[in-house]
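J.: One structure, as structure tokens, below. Some questions next.
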Amino acid sequence: MSTALRIQQLNKHFANGKHALRDINLTVQRGEMVALIGASGSGKSTLLRHVAGLVVADAASDSLIEVDGRCVQQGGRIHRDIRQVRSQIGFVFQQFNLVDRLPVLLNVLVGLLHRTPRWRGWLRMFKPHERALALEALARVGIADCHAQRASTLSGGQQQRAAIARTLVQGAKVVLADEPIASLDPESSRKVMDILARINREDGSTVMVSLHQVEVAIKYCPRVVALHQGRVVYDGPSAALTPDLLRELYGVQVDEILAGASPLVTAPAVQPANGWMPPLAQVA
């Protein structure tokens, strides 16, 4: 198994003096599904944005971030080939990041812009096989019948599934999901997490998802990385994350992490014991 993500000596100070990330060292292998957990302000979103090259680490530092063996940033500088590297990184935002006035199909086709001539992208001139690819991705996440609707007419859960379809069209090897279920109802949350887990299993994509709900992380992700005040305080099997361990790691903040148990934990397991799994469209 080869390395999908490597982070070394990552530090980040913001202009207000806050030390948001402290000496982060992580390695994620291809095909892993990893959860980032922690209380609000622990650095989860900041870490994911650094991996995507959307935020730069402290200047003149010893930091290094590589995705699939290619440099994203080093020493507080974004790599000159970042556009090509980003083409392999799918980012699922908490607030979907869709263009409300455009049809769902066009929002999904945005995932092809990295390998589409700019003039065709500006004119929205996508070839039939590209549109077919986007429709197939929408079918996989269970919302193909919504392809002609404006994105603003979809529910929150449907919009998040459209955002995931965009990463499928992109062909991303690494999918980063930043609190993808934070604003969704329990049923929509279950569907989104089921889809992310199936993409990980069926496509072999590496998935790193930040979650506020520790019980969801335990259910869906074999490995958990826990952050506290910008530091990694736990990196290991999700099954070992007991309430006592969380209290030891987080102290009084554990109440925030454990609050609001989600109905997702009572849903059927993502993969039955016999190894059979239904196709993605059946989660609709």
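J.: Hey, does the stretch 59-78 have a residue that's among the hydrophobic types (A, V, I, L, M, F, W, C), within 16 Å of Phe14 (Cβ to Cβ) and at pLDDT below 95?
T.: Within the stretch 59-78, one or more residues are among the hydrophobic types (A, V, I, L, M, F, W, C), within 16 Å of Phe14 (Cβ to Cβ) and at pLDDT below 95.
J.: Anything in the stretch 96-125 that is closer than 21 Å to Leu154 by Cβ, outside any helix (DSSP H, G or I) and either modelled with pLDDT of 85 or more or of a type in the set (Val, Ile, Thr) (or both)? List them, or say none.
T.: Within the stretch 96-125, Leu98, Val99, Asp100, Arg101, Leu102, Pro103 meet the criteria.
J.: Here's something else I'd like to know. For Val56, indicate whether it is closer than 22 Å to Val174 by Cα, within 17 Å of the chain's Cα centre (by Cα) and either among the β-branched types (Val, Ile, Thr) or not in a loop (DSSP other than H, G, I, E, B) (or both).
T.: Taking the combined requirement at face value, the residue does not satisfy it.
J.: Does any residue of the stretch 209-218 turn out to be modelled with pLDDT of 95 or more, touching an Asp or Glu at 6+ places or on another chain (Cβ under 6 Å) and within 21 Å of Gly156 (Cα to Cα)?
T.: Yes.
J.: Okay, moving on. Working only within the stretch 201-215, note down all residues that are assigned to a helix (DSSP H, G or I) and surrounded by 22 or more Cβ atoms within 10 Å (Cβ to Cβ).
T.: Just the residues of the stretch 201-215 that are assigned to a helix (DSSP H, G or I), to begin with: 201-203, 214-215.
Across the stretch 201-215, the qualifying residue is only Val214.
J.: Looking at Val92, Val85, can you tell me which residue is modelled with pLDDT under 95, under 22 Å from Val209 (Cβ atoms), touching a Pro at 6+ places or on another chain (Cβ under 7 Å) and crowded, with 19+ Cβ neighbours inside 10 Å?
T.: After ruling out the rest, the residue left standing is Val92.
J.: Quick one: in the stretch 24-51, of everything that is of a type in the set (D, E, K, R) and farther than 26 Å from Pro243 by Cα, which residue is farthest from the chain's Cα centre (by Cα)?
T.: So, considering only residues that are of a type in the set (D, E, K, R) and farther than 26 Å from Pro243 by Cα, the one farthest from the chain's Cα centre (by Cα) is Arg30.
J.: Would you mind telling me which numbered condition in (1) crowded, with 24+ Cβ neighbours inside 10 Å; (2) closer than 19 Å to Phe91 by Cβ Arg190 fails?
T.: That leaves (2) as the condition not met.
J.: Another question, if that's okay. Just to be sure, is Val51 among the β-branched types (Val, Ile, Thr) and in contact with a helix residue (DSSP H, G or I) (Cβ under 7 Å, 6 or more places away or on another chain)?
T.: Details: among the β-branched types (Val, Ile, Thr): yes; in contact with a helix residue (DSSP H, G or I) (Cβ under 7 Å, 6 or more places away or on another chain): no.
No.
J.: Also: Please verify whether Asn16 is surrounded by fewer than 18 Cβ atoms within 10 Å (Cβ to Cβ) and either hydrophobic (A, V, I, L, M, F, W, C) or modelled with pLDDT under 95 (or both), treating the condition exactly as stated.
T.: Yes.
J.: Any residue in the stretch 32-52 that is assigned to a helix (DSSP H, G or I) sitting within a Cβ distance under 8 Å of a residue that is among the charged types (D, E, K, R)? List the pairs, counting only those 6 or more apart or interchain.
T.: Lys44/Asp178; Lys44/Glu179; Ser45/Asp178; Ser45/Glu179; Thr46/Lys12; Leu48/Asp178; Arg49/Asp178; His50/Lys12
The values are calculated or read from the model by the stated rules, or taken from the named source; none is laboratory data. Bear in mind the structure is a predicted one, so any value in this text is a computation, not a measurement. Using ideal geometry, Cβ is built from the backbone for each residue, glycine included, and neighbour counts are taken over all protein chains shown.
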